[in-house]
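See structure below.
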Amino acid sequence: MVRAIIHASELLTGAGIRKKDGRKVLEKDLGRIPDGALVYSTRKQDGKEIPDRIEWVGPTAELPRRYARARKQDLRGVRALIPGMVDCHTHLVFAGDRSDEFALRCGGASYEEIAARGGGIVSTMRATREASPALLERLGRERLKEMAAYGVRTIEIKSGYGLSVESELKLLEVIQRLKRAAPGVTVSSTFLGAHAFPPDRSREEYLRDVIEVMLPEVARRKLADSCDVFIDPGYFTVEEGRAILARAAKLGLRIKLHADELADTGSAGLAAELGALSADHLLKISDAGIAALAASRTVAVLLPGTAFYLKAAQAPARKLLSAGAAVALSTDFNPGTSMCLSLPAVMTIAALYLGMTRAEIFAGVTYNGAKALGLEKRKGTLEAGRDADFAVLPFSRFEEAYYRFAWSP
Ligand code: NIG
Ligand code: FE
């Protein structure tokens, strides 16, 4: 079936952003079409009709004759139409909460102090290990639904709160079920067994578990699209990260990195060197790291909600952008450092505290987010031939999604 959306107040194609591969984007790259229209085909999946391919994009007044009889949705000039947004870095599947740690942090304790006292990732690990797959799936579905309500259509989900062979595989299986359970939402799955060291294994034992047992099993059962490692003091070293990611790449997984968040470890440079899809966080990235990312195909994923929530200094976004890096924005949704499902709230922080422009924010939640997941050939812009992956905002202009702070869908 062919369907059309007509009279969008503004339709932002992002075509110019794709042409520049997400770098140094300007207002004109948004491809703004006032009173826009979009024609797309649909297909049946599990008895439901879902959007398939984009057939045509342009001003409503120029809608080709051949689509005159397509089923139409009229946005009446009051709703903006944009590419489905991409949240390319989340830790969506976990049980329990860390509101107690939040209270400690509000009282002045640091994230690192709390982790050193046995809190942090390991405390969520305990709750997550105890949780049934059914409970984790239910929590995951609720969270996906809330994220999608903001206009997010592609969501990356990391494992990383199991930290044992059995529990990491349990989490990845839950993510696989979420992939099938969320029609209209694309889920990208990332294996983050190297999120922290569990207290019940020695360092050597756990590294062996990750490299020799988990990774081969994850690859054999195709449980993940990518592999990520948290490289920072107190977590994994650059050398450990290199060993894990080399094995992952050999097994056919794409690579991502939690890089230079708590300290400059040189891990952004490692991401560029290994041809990673993305280097994420980057609060402490060095000038050498910035130059390495700008010269590479690796996307710099910034998570300004996390720095806000940790009361830490924000990443040097302007330096990355002027150096020519492709910059994406994401929530980093997780129970410790960013208990926030709203990508628009993150966009507000990016506008105010990273100094990002409308074009840069748009690119950060569309094309560059897709590129951080290796999906930029299909997603992130509205152009004929690409996935019919779009969002109608409840506003007449795109920027109201972040100008209106902390709105509820
Ligand atoms: O992305 N940086 C590492 N991991 C998470 C925090 C996880 C947690 O505290 O539970 C992050 O910020
Ligand atoms: Fe993270």
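The values are calculated or read from the model by the stated rules, or taken from the named source; none is laboratory data. Here the structure is a predicted model, which means the values were calculated and not measured. Counting neighbours? That spans all protein chains shown, and the Cβs are built from the backbone with ideal geometry, glycine included.
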Segment 357-378: number of residues that are touching a residue at least 12 places away in the same chain (Cβ under 8 Å), part of a loop (DSSP other than H, G, I, E, B) and surrounded by fewer than 23 Cβ atoms within 10 Å (Cβ to Cβ) | 3
Could you give every pair whose Cβ atoms fall below 6 Å, whose first residue belongs to segment 119-136 and is more than 24 Å from Ala181 (Cα to Cα), and whose second residue is assigned to a helix (DSSP H, G or I) and among the acidic types (Asp, Glu), counting only separations of at least 6 or pairs across chains?
-> Gly119/Glu101
Tell me, which residue of segment 273-289 that is more than 14 Å from ligand 1 (Cβ to nearest atom) and surrounded by fewer than 22 Cβ atoms within 10 Å (Cβ to Cβ) is nearest to the chain's Cα centre (by Cα)?
-> Gly275
Residue check: is Asn368 closer than 14 Å to Val86 by Cβ, among the polar types (S, T, N, Q) and within 13 Å of the chain's Cα centre (by Cα)?
-> yes
Could you list, in sequence order, all residues of segment 234-253 that are more than 19 Å from the chain's Cα centre (by Cα), more than 16 Å from ligand 1 (Cβ to nearest atom) and touching a residue at least 40 places away in the same chain (Cβ under 8 Å)?
-> Ala248
Restricting attention to segment 301-311, does a residue exist that is surrounded by 22 or more Cβ atoms within 10 Å (Cβ to Cβ) and either modelled with pLDDT under 95 or in a strand (DSSP E or B) (or both)?
-> yes
Selection status of Ala292, among the small types (Gly, Ala, Ser), assigned by TED's automatic domain parsing to the domain that holds Ala127 and in contact with a Ser or Thr (Cβ under 8 Å, 6 or more places away or on another chain) = no
Name, by its number, the condition in (1) within 30 Å of Ile231 (Cα to Cα); (2) surrounded by fewer than 17 Cβ atoms within 10 Å (Cβ to Cβ) that does not hold for Phe94.
-> (2)
Got a sec? Which of Leu163, Leu223, Leu169, Leu135 is part of a loop (DSSP other than H, G, I, E, B), surrounded by fewer than 21 Cβ atoms within 10 Å (Cβ to Cβ), among the aliphatic types (A, V, I, L, M) and at pLDDT 95 or above?
-> Leu223
Conditions (1) buried (at least 23 other Cβ atoms within 10 Å of the Cβ); (2) closer than 18 Å to Lys284 by Cα; (3) of a type in the set (D, E, K, R): number failed by Arg318 = (1)
Candidate set: segment 290-321, residues that are touching a residue at least 60 places away in the same chain (Cβ under 8 Å) and closer than 18 Å to Ile361 by Cβ; chosen: the one farthest from the chain's Cα centre (by Cα) = Leu321
Unmet requirement for Ile175, which otherwise passes all of (1) away from ligand 2 (no atom under 16 Å from the Cβ); (2) surrounded by 15 or more Cβ atoms within 10 Å (Cβ to Cβ); (3) part of a helix (DSSP H, G or I); (4) not polar (S, T, N, Q) | (1)
Would you check if Pro34 is assigned to a strand (DSSP E or B) and over 19 Å from Asp389 (Cα atoms)?
-> yes
Answer yes or no: is there a residue in segment 237-259 that is within 16 Å of ligand 2 (Cβ to nearest atom) and part of a loop (DSSP other than H, G, I, E, B).
-> no
Which residues, counting only those in segment 254-279, are in contact (Cβ under 8 Å) with a residue 40 or more places away in the chain and touching a Lys or Arg at 6+ places or on another chain (Cβ under 6 Å)?
-> Leu277, Ser278
